[in-house]
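Reviewing the structure listed below.
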Amino acid sequence: NEKGEVSGVTSTSGLSWKLGGRVGDSPIIGAGLYVDGEIGAAGATGRGEACIITCGSHTVVEGLRSGMHPKDACVAAIKRALAVNKIKYLWKDGKPTYNLKFYAVDVQGRVGAASIFAFKYGCAEEGSGPQLLDTAYVVEGEAPK
């Protein structure tokens, strides 16, 4: 906001046909959402298990804390998630079978997003209004359906 305060919110549509007892990343602070009022905020969408295992949104905000641009902090978190998530059923032919996306804003008002596979995200910045932007991404090819 105009005072430089950041906040965050997230929700989940849930994973269809999920395993009994599964909890996604949205209700886990640091996984699907993390805010540090002095640094910035980050959220996630996509395969919750891949985000939970690395406390993905917290990882993004820690990147912001170290001085990274939001886009670069999101890319670093995606790379970390890929390095850690070697669960066989989530990979095929050397590529993940899921997509994971992070989005972030810092207290300077800079925004950024990254995903495993190419993806679009919406952003409304002061002066430019709503926009549909491309995330940075780290794996070439089509996202799994």
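The values are calculated or read from the model by the stated rules, or taken from the named source; none is laboratory data. Keep in mind that this is a model prediction, so the values were computed, not measured. Heads up, the Cβs are rebuilt from the backbone with ideal geometry, glycines too, and the neighbour counts pull from every protein chain shown. Keep in mind that these areas ignore ligands, DNA and RNA; they rest on the heavy atoms of the full protein, side chains included. Shrake-Rupley method; radii C 1.70, N 1.55, O 1.52, S 1.80 Å.
Only one of the listed residues (41, 50) is at pLDDT 90 or above, open to solvent by less than 20 Å² (accessible area, probe 1.4 Å) and among the small types (Gly, Ala, Ser). That residue is 41.
Per-residue answers, yes or no, for (1) touching a residue at least 12 places away in the same chain (Cβ under 8 Å); (2) open to solvent by less than 50 Å² (accessible area, probe 1.4 Å); (3) on the phi < 0 side of the Ramachandran plot; (4) touching a His at 6+ places or on another chain (Cβ under 7 Å):
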{"position": "56", "(1), (2), (3), (4)": "yes, yes, yes, no"}
{"position": "73", "(1), (2), (3), (4)": "yes, yes, yes, no"}
{"position": "77", "(1), (2), (3), (4)": "yes, yes, yes, no"}
{"position": "92", "(1), (2), (3), (4)": "no, no, yes, no"}
{"position": "99", "(1), (2), (3), (4)": "yes, yes, yes, no"}
{"position": "102", "(1), (2), (3), (4)": "yes, yes, yes, no"}
{"position": "118", "(1), (2), (3), (4)": "yes, no, yes, no"}
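Considering the conditions (1) farther than 15 Å from residue 46 by Cβ; (2) surrounded by 20 or more Cβ atoms within 10 Å (Cβ to Cβ); (3) not aromatic (Phe, Trp, Tyr), residue 114 is excluded by exactly one of them, (1). If the condition is being closer than 15 Å to residue 139 by Cβ, touching a Leu at 6+ places or on another chain (Cβ under 8 Å) and modelled with pLDDT of 95 or more, then the stretch 89-112 contributes no residue at all.
Looking only at the stretch 100-145, filter to residues that are of a type in the set (Val, Ile, Thr) and more than 25 Å from residue 36 (Cα to Cα); which one of those is nearest to the chain's Cα centre (by Cα)? By that ranking, first place goes to 138.
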